[in-house]
Amino acid sequence: MAHVVQPLDQPSNYKDSQARVDRKRQNEMLSNSTTLYIGNLSFFTTEEQIYELFSKCANAADGGGIKRIIMGLDRNTRTPCGFCFVEYYTHTEALASMRYVSGTKLDERIIRCDLDLGYKEGRQFGRGKSGGQVRDEHRQDYDPGRGGWGAQAQRLEVERRRAVEERYADAQDGPGAVAGGGEDWKEIETSEGKLKRGRSPEDEGDNARMGQRTRTDEVAEVDRM
């Protein structure tokens, strides 16, 4: 059955595109590597959580343990962007983490572990155009653990909102625009504390004409008497 079940402690076919080594040399380096690349992390996972999980595969009795953890950062904001490097003292510990930790949940996310050629300064920064990881540039789903929508989806939403605002502005300034309400319809507070509509000049004219008709009717009634 050994040829049927794939070993869990074998590295994937991933190859760092910026590594200037051929495939043969890469395999030799991975066979002795003590560094793991950890992917699919939440942006909110802390270094302490990572240390607690991966120290379960450390073997301090044989001189091992976690040497250091390098958190992956957004190149522009310097905030975590979903990956890290875990460096052990021995190759055996790195293989144990691939066997027992890769595929498990951390912060409700299934994380992925892979042997790495070794950390070099500058690799802690995301390689996406917006500063984060490339995979988040093209992600179309909503993932709260990875900052919400992907960068591409966020740009499309911003462009959509800008287009709507421009159309709305054109409708406000163009012909046939609806005028705002007049000043005659302001509500005022009466002595009883109730609100009513304020009088307009037209109301004053109507009341004057109404008063004039009332006085005329009174004079006519007196003449009949």
On the accessible surface of the range 55-130, probed at 1.4 Å with all protein chains in place, carbon and sulfur together account for a percent value of 50
Spelling it out for Gly132: with amide H atoms placed in the peptide plane at 1.01 Å from N, the residues 5 or more places away or on another chain with amide H under 5 Å from its amide H are Arg75
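Taking square-rooted eigenvalues a ≥ b ≥ c of the alpha carbon gyration tensor, is the range 13-125 rounded, prolate or oblate, where a/c under 1.5 means rounded and, failing that, a/b exceeding b/c means prolate? The partial results should precede the final answer.
On the way: a/c = 1.62, a/b = 1.06, b/c = 1.53.
The shape class here is oblate.
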For the table Lys56/Lys129; Lys24/Lys56; Lys67/Lys105, the rows whose alpha-carbon distance is greater than 27 Å are Lys56/Lys129; Lys24/Lys56
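Out of every Cα pair in the range 78-149, what percent are spaced more than 21 Å from each other? Mind showing how you got there, number by number?
Working: 946 of 2556 pairs.
Result for the distance tail: 37 percent.
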Amide H proximity to Thr34 below 5 Å, modelled H, separation 5+ or other chain, gives none
Ignoring ligands and nucleic acids, Lys56 exposes an accessible area, probe 1.4 Å, in Å² to the nearest 10, of 150
Within the under-12-Å Cβ sphere about Thr46, not counting Thr46, Lys/Arg +1 and Asp/Glu -1 give a net charge of -4
The answer for GluC sites (Glu not before Pro) in the range 67-117 that fall in a DSSP coil and have at most 16 neighbouring Cβ atoms within 10 Å is Glu108
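Quick check for you: with a 1.4 Å probe and neighbouring chains kept, what is the accessible area per residue of the range 69-173, in Å²? Please list the in-between numbers first.
Working: 6150 Å² over 105 residues.
Averaged over the residues of the range 69-173, the accessible area is 59 Å².
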From most to least accessible, 1.4 Å probe, no ligand or DNA/RNA atoms counted, Arg68, Arg20 line up as Arg20, Arg68
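The values are calculated or read from the model by the stated rules, or taken from the named source; none is laboratory data. Keep in mind that what you see is a predicted model, and the values were worked out from it rather than measured. Please note: Cβ atoms are built from the backbone with ideal geometry, for glycine as well, and neighbour counts cover all protein chains shown. Heavy atoms of the whole protein, side chains included, go into the accessibility calculation; ligands, DNA and RNA do not. Shrake-Rupley method; radii C 1.70, N 1.55, O 1.52, S 1.80 Å.
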